[in-house]
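The values are calculated or read from the model by the stated rules, or taken from the named source; none is laboratory data. Quantities reported herein were computed from a predicted structural model and do not represent experimental measurements. Every residue, glycine as well, gets a Cβ built from its backbone with ideal geometry; the counts of neighbours run over all protein chains shown.
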Amino acid sequence: MPIVGALLLANTIAAFVLALFNAATLDLSHHDRPVPEYLATHGVQVRAQLVLFWCVVPFVYVLVSACEYICLWTNRLNPIWILVSSIVAIGAWVLQIVLWSYCIGGYDDIPGYCPWVYREPWGWYPSWSVASPGGARWAVPTIFILYIIQIAFAALVVNRQRRTCFRKSDMRQSWAGKLEEVDGSNLRSPDDYHHSDFTTALSASTKPKLHWTKCRFTGDEDDGQTKCANMTVPLDWNNPQADQNITIAIARSRCADPETRKGTIFYSLGEPAPALEGVSGLSDLLKSHFDVVTMDPRGMGQSSPLNCTEMGVYCSSDWPSTQEEFDANKQCVRDNVEQCYANDPLIKYMDTRSIARDVEAVRRALDDGKLNFFGPSWGSHLATTYLELFPDNFNAMLLDVVLDHTVPPFETLLGFEQAAQAAFNGFATWCNANETCPLQDQDIQEVTARAMNLASNNASCLLESTWRHLEHHHYGKVADLLSLASDPSTADAPILQHLPACDEELEVMNSSIPVPIDLFAINCHDAPTSDLTLADLTHQKPFLDAAAPTFRSMALLRDDHIACAGFPFAASRNTPHELHFPQRSRLPKVLVVNSLDDMRTPPGGAANVAAQIPGAVFVRTKMVGHTSYGREGSVVTEMVDRYFIEGELPEDESVVDV
């Protein structure tokens, strides 16, 4: 892409230089008629007009073309902009040729046709036949040819990569206009977009032979069709020659009907977590046509474990208000992670980019051609990472409830809190209009704040439990929880002492409960905030509080945003960036699906990601909650199954009413 941009820029510069040379060297006295007195006495003015014709318009086009080069450099090309600017270029040059030809001396007996240049007619002369010693004879066709070449280059790029220079999501509200300034990290591309080292590493070794055995499942997943295997991959894919390897555990469930088999689906869970027992997330119809492969990500489950998971991160998750608090929290996180690294260097390489390369190694070991990728939630981030690295190695790809990794971490956090507040506002509206709500006619926000204060150390569990009910519009359960928790006489009710969010040992924000360090490492590698300062956090907090006034500092993602500031490793492996694809790649159609009412992955992020994948089809669903696929009787499940089995896609930008 930089080479194409450089060629286009060189063409424009060459055209500009030729135009300037033509005007400067043109011999005004070389004509077959006497030179008018006006030319003899006003040669400077005439030459200035030539400069205007031959130089100013090309210079304007250079400025217009600058937008094209910016788009090319960032791989966000707008075909409409290219078309308009190309028409402007051709039109400008045709106009110059016509004006130059006619204004050299009027038209036959019509004197003063161009009185601002000449006062006497000489007859009609095409511009390239007027001056023998000057540059006009060859400059005009040469310049025109150069611009044709430039337009051809632009057309080639447009055909290969449809992009927009400026996305609507970039036009933020005024209060959010300082996001880039606040975040400080900006959008950075990955350290490299090629995988030559990776390919060399796999090619240099023999293809691993997978030995399938009975799986060691903890549940009842052993259906006789599922077998498990281990394979060895490099610890560091950027240095695969190093003598450091880890083991990746994979499971494969054979399709129920071999005669209708269409290939292999790689199924990723919705968060970085052990996934070998996740085959049941797909429909029976899909499993009857595909082998389904799952993988425990590096450092988790039955893959090589991170040998310090029991440590956790016990640092405070409170939003710091002083430099001492901020420094203490950063140092606490750094100490935890460095202690883990001393036990096991794997933590340094637990990023989604490395996991995507593990997926490709699995694909090659399976020796079954191209994959079909099924990526919900965090799995959508893994899928798009794989898509960038290996765009030619899949047949179909589903991104369901999409995690947008193309924007800075603070923008992701802000969008999450806005969606959470919108969900809570929906509950408040329902409660005020519903006589069965025990909180009717009360200030719901005040009730919630009182409940969280009374919950004390259990506040994070109450918050998570409340949000899980909000997510699925279980408004009655939300009202019951808040009603009990906000009343001092019932704040110790048994139901509040055994909230699902705590009993299920989910990740919570309470500082007495550790965040799993393996999940924490992946989050901090992928969404680094190591360049944050206390001034940044102080500036960010009012925006977050304005976005989610009900919850304020208790929002679920703020802990990672703060804690990752102390992450000690260089954040250069998989930082947020806009998606890039090689021009040579012709991507299969990718299906992007997102619920219109999903507070964990708001639909705006899915639309943003879909706009950056050439040819992607984006479908919004009128479903409530996280994930669209797999609901009983869901038309979305039927739509996705048809896409994988028959290649049938719905209409782009459609809304599915379920």
(message) Here is a list: Glu632, Glu638. Which entry is of a type in the set (Asp, Glu), modelled with pLDDT of 90 or more and more than 30 Å from Asp236 (Cα to Cα)?
(response) Glu638
(request) Could you check how many residues of the stretch 321-371 are out of contact with any Lys or Arg (no Cβ under 8 Å at 6 or more places or on another chain) and either of a type in the set (S, T, N, Q) or in a strand (DSSP E or B) (or both)? (result) 9
(request) Kindly indicate whether any position in the stretch 456-479 is aromatic (Phe, Trp, Tyr), outside the structural domain of Val593 (by TED's automatic domain parsing) and at pLDDT 80 or above. (result) yes
(message) Which pairs turn up if I take residues in the stretch 244-273 that are without any contact (Cβ under 8 Å) to a residue 24 or more places away in the chain and look for partners that are β-branched (Val, Ile, Thr) and surrounded by fewer than 16 Cβ atoms within 10 Å (Cβ to Cβ) with beta carbon separation below 8 Å, at least 6 apart in sequence or on another chain?
(response) Asn245/Thr232
(request) From the list Asp284, Asp291, Asp243, pick out the single residue that is surrounded by fewer than 19 Cβ atoms within 10 Å (Cβ to Cβ) and either more than 26 Å from Thr627 (Cα to Cα) or touching a strand residue (DSSP E or B) at 6+ places or on another chain (Cβ under 9 Å) (or both). (result) Asp243
(request) Starting from residues that are aliphatic (A, V, I, L, M) and part of a loop (DSSP other than H, G, I, E, B), keep the ones in the stretch 232-252 and report whichever is nearest to Tyr341 (Cα to Cα). (result) Leu235
(message) Would you confirm whether or not the stretch 504-521 contains a residue that is touching a Lys or Arg at 6+ places or on another chain (Cβ under 7 Å) and modelled with pLDDT of 75 or more?
(response) no
(message) Being more than 19 Å from Leu286 (Cβ to Cβ) and modelled with pLDDT under 95: is that true of Val401 here?
(response) no
(message) Taking the conditions exactly as written (out of contact with any Asp or Glu (no Cβ under 8 Å at 6 or more places or on another chain) and not assigned by TED's automatic domain parsing to the domain that holds Ala423), does Arg642 satisfy them or not?
(response) no
(request) With the condition kept exactly as written, say whether any residue in the stretch 443-454 is touching a strand residue (DSSP E or B) at 6+ places or on another chain (Cβ under 8 Å) and in the same structural domain as Asp545 (by TED's automatic domain parsing). (result) no
(request) With a cut-off of at least 2 residues that are closer than 30 Å to Tyr643 by Cβ and touching a residue at least 12 places away in the same chain (Cβ under 8 Å), name the helices (runs of 4 or more DSSP H) lying wholly within the stretch 389-484. (result) 409-433, 459-471
(message) Quick test of your reading of the structure: Gly263 fulfils all but one of (1) at pLDDT 90 or above; (2) more than 26 Å from Gly630 (Cβ to Cβ). Name the failing condition by number.
(response) (2)
